Amino acid sequence: QVQVVESGGGLVQAGGSLRLSCGASGSIFRINAMGWYRQAPGKQRELVARITRSGSPNYADSVKGRFTISRDNVKNTVYLQMNSLKPEDTAIYYCNAVYVTGDYWGQGIQVTVSS
């Protein structure tokens with residue numbers, strides 16, 4: 001049974017930083033892409049950042065230049081460094097791990113940015 005677990009969320013003031021971590025376990029297969037998505041109240045879930053196994057990232061326009069995604073393939077872990085946070089970054093952040101057997105999601109973690 002694949003498990004995907006996020007950590008590192010919380011409350012921060014605008015302009016501050018947070019680092020999210022996400023680990024995946026429970027599969028004999030290697031992870032292909034990993035990513036972070038978010039869902040704000042009343043809005044649809046959207047892609048924040050995604051990274052391939054080889055380390056190629058892509059970002060939503062709204063976070064380019066502020067967020068950095070990285071991963072550790074040995075630890076099956078993906079990170080999201082979030083700098084210059086804005087109130088509009090407030091959302092539940094979800095980690096996604098893509099295996100050959102399918103997509104797996106974490107439970108989500110709250111990030112709140114106060115103005």
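Say the dipole of the chain comes from +1 at the beta carbon of Lys and Arg and -1 at that of Asp and Glu; which of Ala14, Asn73, Trp36 then lies farthest toward its positive end?
Value computed over the given set: Asn73.
With only Lys, Arg, Asp and Glu charged, each at its Cβ (+1 for the first two, -1 for the last two), find how big the charge dipole of segment 1-100 is about the Cα centre; round to the nearest 20 debye.
In total the dipole reaches around 180 debye.
Residue by residue through segment 71-88, which ³J(HN,Hα) values in whole Hz follow from phi under the Karplus form 6.51 cos²θ - 1.76 cosθ + 1.60 (θ = phi - 60°), with glycine and proline marked x?
8, 10, 5, 6, 8, 6, 10, 10, 10, 9, 8, 10, 10, 6, 5, 10, x, 6
For the chain, with the dipole built from +1 on Lys and Arg beta-carbon atoms and -1 on Asp and Glu ones, taken about the Cα centre, which of Val113, Leu85, Val98 lies farthest toward the positive end?
Towards the positive end, the residue furthest out is Val98.
We did not get these values from a lab; they are worked out from the coordinates using the rules stated. Keep in mind that what you see is a predicted model, and the values were worked out from it rather than measured. In this analysis, Cβ positions are derived from the backbone assuming ideal geometry, glycine residues included, and neighbour counts consider all displayed protein chains.
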